[in-house]
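Undergrad: First, the structure itself, so that you have it in front of you.
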Amino acid sequence: MQKKEWPLWEVFIRSRNGLDHKHCGSVHAPDATMALQVARDVYTRRLEGVSIWVVKASDIVASDPDAKPELFDPAEDKIYRHPTFYQLPDEVNHM
Amino acid sequence: MYTQSLSIPDGEAKGPRKVENPDYLAEFNAKIDAGGFIEPKDWMPEAYRKTLIRQISQHAHSEIVGMLPEGNWITRAPSLKRKAILLAKVQDEGGHGLYLYAAAETLGVSRDELYEALLSGKAKYSSIFNYPTLNWADIGVIGWLVDGAAIMNQIPLCKCSYGPYARAMIRVCKEESFHQRQGYDLLLQMMKGTEEQREMVQDAVNRWWWPSIMMFGPHDKDSVHTDSARWGIKRISNDDLRQKFVDATVKQAEVLGVSLPDPALKWNEARGHYDFGAIDWDEFWSVVGGNGQCNVDRLAARQKAWDDGAWVREAAIAHAEKHSVRQQQAA
């Protein structure tokens, strides 16, 4: 008999209203409905969430760790993007 | 957690790249030395990856096999309250196994490969689960001593250098605290009962004490996996953790009103720790080697669960595929 693993799903949970969904782990499940059920049992046994997203892991496109310099380093020399770059007179510096 | 790196061309093995490039290695070592985290798609030395797969999967297997000795008592729990608590605990152990399998999979190994290594005996699990649970007090003592020892071992892993493992361990540790406390609470209640119940508790403590302190593994001088410390996987040594556990447990035994079965157990003022007797390492290695009382039963039970579930796994995937084809046709 042909052996086939259930696909992998990434699980994201909103811990309470007002917060973002946050990645918390993954589960194997044959389809989306079961992925939600499994995620519920595995990741929310103690009021950890009010909403769950499951996404097929193979549908996630991730950045290449080798591309870290091109992608993220340029931000380092653009310190004028941060409010602390601007020195204002003391009286108004809380602006 | 992402098990498959999209940047790897087809044909190459899944998981992080295996090129042992000196620049990458220097960068890796610098990250470790700075106390940073390694994430699934980052470059890592092959030996680091293999050590982690071995350790995380053995940990996962331990959780899954650990469901058996306690599951043994679910139908015989003495009250509905204790049954509900035990069910929740055993469900947690299953959950812990799943968090950990998922963490191991991020290193480029499949769930089925991991599981097959358990069933074939190639991968080990904690030998504590090869001891039988003979009376109801065993359930309390497992929570108090076995989970207590596990917590000591696991808290430092919350800061381990591999991100997915560290995150899984944070979740596990939060839940283990419930396990230990419910066990102690169960024993406290039994100690308030009849003489016979108190004897059951003492009997269970006598049987589980030594195996519990063996859980920390061989003495540091005999320990083989020394790279783990350098790589920030294991941050506190076996002997230090064991000492911490013994020191913490003596007082708990006193409050409970039981004795620990070690005549050499004594406070050492100069060391500021409790001294304790010699551990029977022959017994430890014999159980690890497959000669414990329950090794055969435990693996047989896991194998049966795997075989009996095969048709469910296949039917579910067949249903999902059929449904997906129909949806595509309708679209």
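Undergrad: Is region B:289-311 home to any residue that is over 28 Å from B:Asp239 (Cβ atoms), more than 20 Å from the chain's Cα centre (by Cα) and acidic (Asp, Glu)?
TA: Looking through region B:289-311, at least one residue is over 28 Å from B:Asp239 (Cβ atoms), more than 20 Å from the chain's Cα centre (by Cα) and acidic (Asp, Glu).
Undergrad: Turning to a different aspect of this structure: Would you call B:Lys83 without any contact (Cβ under 8 Å) to a residue 12 or more places away in the chain, under 17 Å from B:His179 (Cα atoms) and out of contact with any Asp or Glu (no Cβ under 9 Å at 6 or more places or on another chain)?
TA: For B:Lys83, the condition - without any contact (Cβ under 8 Å) to a residue 12 or more places away in the chain, under 17 Å from B:His179 (Cα atoms) and out of contact with any Asp or Glu (no Cβ under 9 Å at 6 or more places or on another chain) - is met.
Undergrad: Return the residue satisfying two criteria in turn: it lies in region B:172-184 and is in contact (Cβ under 8 Å) with a residue 24 or more places away in the chain and out of contact with any helix residue (DSSP H, G or I) (no Cβ under 6 Å at 6 or more places or on another chain), and of such residues it is surrounded by the most Cβ atoms within 10 Å (Cβ to Cβ).
TA: If we take residues in region B:172-184 being in contact (Cβ under 8 Å) with a residue 24 or more places away in the chain and out of contact with any helix residue (DSSP H, G or I) (no Cβ under 6 Å at 6 or more places or on another chain), then B:Phe178 is surrounded by the most Cβ atoms within 10 Å (Cβ to Cβ).
Undergrad: Looking at (1) part of a loop (DSSP other than H, G, I, E, B); (2) within 14 Å of chain B (Cβ to nearest Cβ); (3) exposed (fewer than 14 other Cβ atoms within 10 Å of the Cβ), find the lone condition where A:Thr33 falls short.
TA: Here A:Thr33 clears every test but (1).
Undergrad: Within region B:302-330, work out how many residues are open to solvent by 90 Å² or more (accessible area, probe 1.4 Å), more than 8 Å from chain A (Cβ to nearest Cβ) and within 15 Å of A:Lys4 (Cβ to Cβ).
TA: 2
Undergrad: Another one. Please specify each residue of region A:37-67 satisfying the condition of being over 21 Å from B:Pro40 (Cα atoms), of a type in the set (D, E, K, R) and open to solvent by 80 Å² or more (accessible area, probe 1.4 Å).
TA: Matches in region A:37-67: A:Arg40, A:Arg46.
Undergrad: Suppose the filter is without any contact (Cβ under 8 Å) to a residue 12 or more places away in the chain, under 30 Å from B:Arg326 (Cα atoms) and facing chain B (nearest Cβ under 8 Å); does A:Val61 pass it?
TA: Working: without any contact (Cβ under 8 Å) to a residue 12 or more places away in the chain: yes; under 30 Å from B:Arg326 (Cα atoms): yes; facing chain B (nearest Cβ under 8 Å): yes.
For A:Val61, the condition - without any contact (Cβ under 8 Å) to a residue 12 or more places away in the chain, under 30 Å from B:Arg326 (Cα atoms) and facing chain B (nearest Cβ under 8 Å) - is met.
Undergrad: If you don't mind, another one. Has region A:5-20 got at least one residue that is within 11 Å of chain B (Cβ to nearest Cβ), without any contact (Cβ under 8 Å) to a residue 24 or more places away in the chain and among the charged types (D, E, K, R)?
TA: yes
Undergrad: A follow-up question, please. So in region A:73-95, with the set limited to residues that are within 30 Å of B:Trp43 (Cα to Cα) and within 25 Å of the chain's Cα centre (by Cα), which one is most open to solvent (accessible area, probe 1.4 Å)?
TA: Here the answer is A:Glu76.
Undergrad: Sticking with this structure for a sec: For region B:22-38, what are the residues that are surrounded by fewer than 10 Cβ atoms within 10 Å (Cβ to Cβ) and among the charged types (D, E, K, R)? Even if it seems obvious, please write down each step before you answer.
TA: Taking region B:22-38 and keeping what is surrounded by fewer than 10 Cβ atoms within 10 Å (Cβ to Cβ), we get B:22-23, B:34-35.
Hit for region B:22-38 is B:Asp23, nothing else.
Undergrad: Could we say that A:Lys78 is basic (Lys, Arg) and either more than 14 Å from chain B (Cβ to nearest Cβ) or in contact (Cβ under 8 Å) with a residue 24 or more places away in the chain (or both) here?
TA: The answer is yes for A:Lys78.
Undergrad: I've got another one for you. Could you say which residue among B:Ser212, B:Ser259, B:Ser223 is open to solvent by 30 Å² or more (accessible area, probe 1.4 Å) and within 20 Å of B:Val146 (Cα to Cα)?
TA: B:Ser259
Undergrad: Another question, then. Considering only region B:232-253, state which residues are among the hydrophobic types (A, V, I, L, M, F, W, C) and open to solvent by less than 10 Å² (accessible area, probe 1.4 Å).
TA: Scanning region B:232-253 gives B:Ile233, B:Leu241, B:Phe245, B:Val246, B:Ala253.
Undergrad: Which residue pairs have Cβ atoms closer than 7 Å, lie 6 or more positions apart in sequence or on different chains, and pair a first residue in region B:224-237 that is at positive phi with a second residue that is aliphatic (A, V, I, L, M) and modelled with pLDDT of 85 or more?
TA: Cβ pairs passing all conditions: B:Gly232/B:Ile32.
Undergrad: Name the single residue, out of those in region B:118-155 being hydrophobic (A, V, I, L, M, F, W, C) and open to solvent by 20 Å² or more (accessible area, probe 1.4 Å), that is nearest to the other protein chains (Cβ to nearest Cβ).
TA: The qualifying residue nearest to the other protein chains (Cβ to nearest Cβ) is B:Leu119.
Undergrad: Given (1) open to solvent by less than 100 Å² (accessible area, probe 1.4 Å); (2) part of a helix (DSSP H, G or I); (3) of a type in the set (Asp, Glu), identify the lone condition not met by A:Glu70.
TA: (1)
Undergrad: Right, next: Mind checking which helices (runs of 4 or more DSSP H) fall wholly inside region B:14-99 and carry at least 3 residues that are more than 14 Å from every other protein chain (Cβ to nearest Cβ) and touching a Ser or Thr at 6+ places or on another chain (Cβ under 8 Å)?
TA: On the way: elements: B:22-33, B:46-65, B:67-71.
Answer list for region B:14-99: B:46-65.
Undergrad: OK, next. Which one is farthest from B:Ala137 (Cα to Cα), of the residues in region B:100-110 that are in a loop (DSSP other than H, G, I, E, B) and more than 10 Å from every other protein chain (Cβ to nearest Cβ)?
TA: B:Gly108
Undergrad: With the requirement that a residue be free of Cβ contacts under 8 Å to residues at least 40 places away in the same chain and more than 18 Å from B:Leu145 (Cα to Cα), what does region B:276-296 give you? Before the answer, list the steps.
TA: Let us first name the residues in region B:276-296 that are free of Cβ contacts under 8 Å to residues at least 40 places away in the same chain, namely B:277-278, B:282, B:285-286, B:289, B:291, B:296.
Within region B:276-296, B:Ala278, B:Asp282, B:Trp285, B:Ser286, B:Gly289, B:Asn291, B:Val296 meet the criteria.
Undergrad: Let me ask you something else. For a quick check of your reading: which helices (runs of 4 or more DSSP H) sit entirely within region B:236-331 and have at least 2 residues that are more than 30 Å from B:Gln58 (Cα to Cα)?
TA: The qualifying helices (runs of 4 or more DSSP H) are B:238-256, B:310-330.
The values are calculated or read from the model by the stated rules, or taken from the named source; none is laboratory data. Predicted model only: the values in this text are computed from it and were never measured. Please note: Cβ atoms are built from the backbone with ideal geometry, for glycine as well, and neighbour counts cover all protein chains shown. To get the accessible areas, we keep the full protein, side chains included, count just its heavy atoms, and leave off ligands, DNA and RNA. Shrake-Rupley method; radii C 1.70, N 1.55, O 1.52, S 1.80 Å.
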